[in-house]
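The values are calculated or read from the model by the stated rules, or taken from the named source; none is laboratory data. Not measured: the values here are computed from a predicted model. Virtual Cβ from ideal backbone geometry, glycine too; neighbours counted across all protein chains shown.
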């Protein structure tokens, strides 16, 4: 479904070139949970940006379903991200002046009653059913991240990209967050690509890929 | 289900950030509307105040105050003192009386035989008579000249006071000083018309008596010469010294004074002819002699002299009919009465009603002399003030110099009549005042204020654009995470720009509506409590001011804010925000 071939991302600094991602090929099947681990600076986040269309590769090709990223315009890539992908980042990036429920609805593509009901159900599922109207500053860090997870899932994405979603959480809360994502995958929602430096978070993963110096290593 | 990112949510969840911006902009718009409206009011009020010129041409004497009596008066007074000394000598010991007594004392047979001695007796009796009369003339004449001199210096001091007050209306010290120095004199010599008549009579009498004395003395000389040639030596009769040269100079000074007084009586040579000729200009509807005067009124942009037309009674009615005005209270002034009728706006501006007084005695800045009783209030589209011609020309010494004509052209003939009048005036000391001239003067006055106002609006717009633009930028930076996230999850860049533009547009629109709304409310209140009671015009709903003049502020603020924020949004890199660890 999501595949990359000979993917590379170079950063040029003066005359030197840093290979953030160096000739990576992989594929993520429908409904699979792929973990991506590696030390800081190994290129795992960069690889996620390339796979999700947030960045264009220096070389190589990425495709999702029938879409070849190279043939998509910037707007086309945005549409893809908006409609088919979900994102969870290390920080929650909630909008301060919106309630938990409204923040979830920010991720919705359709803003109808079904979506609203689904958003509420998601918040119930992540344990925030009684905090729908709370603002981010009224929630704990773990609760904010759970709202961010619900936001990433509200439009039923085909692939959820989670970039260090537990980095700012304690281990128990981190597990809760990853489990929420894994539940989504298990319930047939879509594929899951989780970037983390903590292998313990990937206990449910179908595949764990390790990155070092921009390359994929055998895990 | 509403969009969580709706403008409604944005505004109502960010009141503490949005409202100050709206408040600042609204206040600026209020300021612009108020200053602009006051300026427009000043212009409209000035137009209305001098609106009568739209249908008439005023022919006024040029620089009438240059016609000065000072020199003839002083010269006459100086000669008068010389003559007084000479006549005192002539009429005193060793003078005409002694000579007359000596002639009378001649033996009767001598006088009977010599007719020349008889004539000498008669002539010396005449000389004695005229000398006594002249002495009697000189004292009141000197007094009158002195009084008129003081009257004139009073006028100069008054003019100086008016100038000082005009230049600095807020400083009452010149007025207080003037009143302290002049109040006694003002009470004693005003009104002055009687002084002029008495002075003229005294001058005529003194001149005639001086002539009689001179002729009598000349006759005495002839008589003495005749006696001597007849062999009758009268050398033992001491002839008094002849003051002939002094009397010549005195009479010459009196002649100049008479001529000057005449110029007051007929202040504008050629006015009568101009009056007659103007009536024959094709396209002229009406020509009237006008002893004009002025009332001081406030126009917001400064004080101005409202023109009063000093015309005859039929002319007053014709003038009102011409402008579509009518008497709404009281009546028009009567013949030869110190009465005035003014438009209701002027009455309000001066806080007067029927029965009140207007004039220099009430307000020192009025050129209208004395105190005139308001007998009528005029209503209608044009502001007018009328006073009786005959009263103005017969009761005031110096006001007589302010005489001119009002010439009313028929519709569509203003320029032709103006040109023909100008031709008739030629080199004479008259000048024409018509609407194009008056309007240009008003526009010129307002233009300076207008330039300052435009500069201030520009400055306010620029400063506000900068300040609000920076506030917007600050606010935007606080929302970087929001925009970074939205861009990352697939919200389009132009969609985000459109959203920020709508947010900014909403704020500036709300500020504009609020500012204009408050401005209308404030102006309505101000119009009611101040402008209308003071006879000032203000168009509260001047859309030119409310819309066009205020729009640059929200527009510039919007464009500046959007320019900077939009540029940052276009360059926004969501990854750099996502990767930020703050």
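From the list B:457, B:452, B:446, which residue is surrounded by fewer than 17 Cβ atoms within 10 Å (Cβ to Cβ) and in a helix (DSSP H, G or I)?
On the way: B:457 fails: surrounded by fewer than 17 Cβ atoms within 10 Å (Cβ to Cβ); B:446 fails: surrounded by fewer than 17 Cβ atoms within 10 Å (Cβ to Cβ).
Of the residues listed, the single one that is surrounded by fewer than 17 Cβ atoms within 10 Å (Cβ to Cβ) and in a helix (DSSP H, G or I) is B:452.
All but one of (1) surrounded by fewer than 19 Cβ atoms within 10 Å (Cβ to Cβ); (2) more than 8 Å from chain B (Cβ to nearest Cβ); (3) in contact with a helix residue (DSSP H, G or I) (Cβ under 9 Å, 6 or more places away or on another chain) hold for residue A:111; which doesn't?
Checking residue A:111 against (1) surrounded by fewer than 19 Cβ atoms within 10 Å (Cβ to Cβ); (2) more than 8 Å from chain B (Cβ to nearest Cβ); (3) in contact with a helix residue (DSSP H, G or I) (Cβ under 9 Å, 6 or more places away or on another chain), the one that fails is (2).
Does residue A:46 meet the test of being within 13 Å of chain B (Cβ to nearest Cβ) and modelled with pLDDT under 95? Spell out the reasoning first.
Numbers: within 13 Å of chain B (Cβ to nearest Cβ): yes; modelled with pLDDT under 95: yes.
Considered against the rule, which asks whether it is within 13 Å of chain B (Cβ to nearest Cβ) and modelled with pLDDT under 95, residue A:46 comes out as yes.
For residue A:34, are the conditions met, namely being away from chain B (no Cβ under 14 Å), touching a strand residue (DSSP E or B) at 6+ places or on another chain (Cβ under 7 Å), surrounded by 20 or more Cβ atoms within 10 Å (Cβ to Cβ) and in contact (Cβ under 8 Å) with a residue 24 or more places away in the chain?
yes
From B:67, B:74, B:54, grab the single residue that is surrounded by fewer than 17 Cβ atoms within 10 Å (Cβ to Cβ), modelled with pLDDT of 90 or more and farther than 30 Å from residue B:522 by Cα.
Within the list B:67, B:74, B:54, the selection yields B:54.
When you check residue B:580 against the structure, is it farther than 21 Å from residue B:23 by Cβ, in a loop (DSSP other than H, G, I, E, B) and within 14 Å of chain A (Cβ to nearest Cβ), yes or no? Lay out the reasoning, then the answer.
Details: farther than 21 Å from residue B:23 by Cβ: yes; in a loop (DSSP other than H, G, I, E, B): yes; within 14 Å of chain A (Cβ to nearest Cβ): yes.
For residue B:580, the condition - farther than 21 Å from residue B:23 by Cβ, in a loop (DSSP other than H, G, I, E, B) and within 14 Å of chain A (Cβ to nearest Cβ) - is met.
I'd like to know if segment B:27-45 contains one or more residues that are more than 10 Å from every other protein chain (Cβ to nearest Cβ), buried (at least 17 other Cβ atoms within 10 Å of the Cβ) and more than 48 Å from the chain's Cα centre (by Cα).
No, segment B:27-45 has no match at all.
Residue-by-condition table, conditions (1) within 12 Å of chain B (Cβ to nearest Cβ); (2) closer than 24 Å to residue A:44 by Cα; (3) assigned to a loop (DSSP other than H, G, I, E, B); (4) in contact with a strand residue (DSSP E or B) (Cβ under 9 Å, 6 or more places away or on another chain):
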| position | (1), (2), (3), (4) |
| --- | --- |
| A:103 | yes, no, no, no |
| A:121 | no, no, no, no |
| A:151 | yes, yes, no, yes |
| A:167 | yes, yes, yes, yes |
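Could you list all residues from segment B:405-414 that are surrounded by fewer than 23 Cβ atoms within 10 Å (Cβ to Cβ) and either closer than 15 Å to residue B:59 by Cβ or under 26 Å from the mean Cα position of the chain (by Cα) (or both)?
Residues satisfying the conditions are B:408, B:414.
Out of everything in segment B:486-507 that is buried (at least 23 other Cβ atoms within 10 Å of the Cβ) and away from chain A (no Cβ under 14 Å), what residue ends up being farthest from residue B:559 (Cα to Cα)?
B:507
Could you check how many residues of segment A:58-99 are more than 11 Å from chain B (Cβ to nearest Cβ), surrounded by 17 or more Cβ atoms within 10 Å (Cβ to Cβ) and outside any strand (DSSP E or B)?
Count: 3.
Scanning segment B:472-485 for residues that are free of Cβ contacts under 8 Å to residues at least 12 places away in the same chain, assigned to a helix (DSSP H, G or I) and at the interface with chain A (Cβ under 10 Å from one of its Cβ atoms), which turns out surrounded by the fewest Cβ atoms within 10 Å (Cβ to Cβ)?
The qualifying residue surrounded by the fewest Cβ atoms within 10 Å (Cβ to Cβ) is B:478.
Among the helices (runs of 4 or more DSSP H) lying completely within segment B:340-429, list those that include at least 1 residues that are farther than 26 Å from residue B:324 by Cβ.
In segment B:340-429, the matching helices (runs of 4 or more DSSP H) lie at B:389-395, B:414-425.
Looking at B:308, B:319, B:257, B:261, can you tell me which residue is assigned to a helix (DSSP H, G or I) and at pLDDT 80 or above?
B:319
Table: residues versus (1) out of contact with any helix residue (DSSP H, G or I) (no Cβ under 8 Å at 6 or more places or on another chain); (2) outside the structural domain of residue B:569 (by TED's automatic domain parsing); (3) within 27 Å of residue B:468 (Cβ to Cβ); (4) assigned to a helix (DSSP H, G or I).
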site: B:498; (1), (2), (3), (4): yes, no, yes, yes
site: B:502; (1), (2), (3), (4): no, no, yes, yes
site: B:510; (1), (2), (3), (4): no, no, yes, yes
site: B:515; (1), (2), (3), (4): no, no, yes, yes
site: B:528; (1), (2), (3), (4): yes, no, no, yes
site: B:532; (1), (2), (3), (4): no, no, no, yes
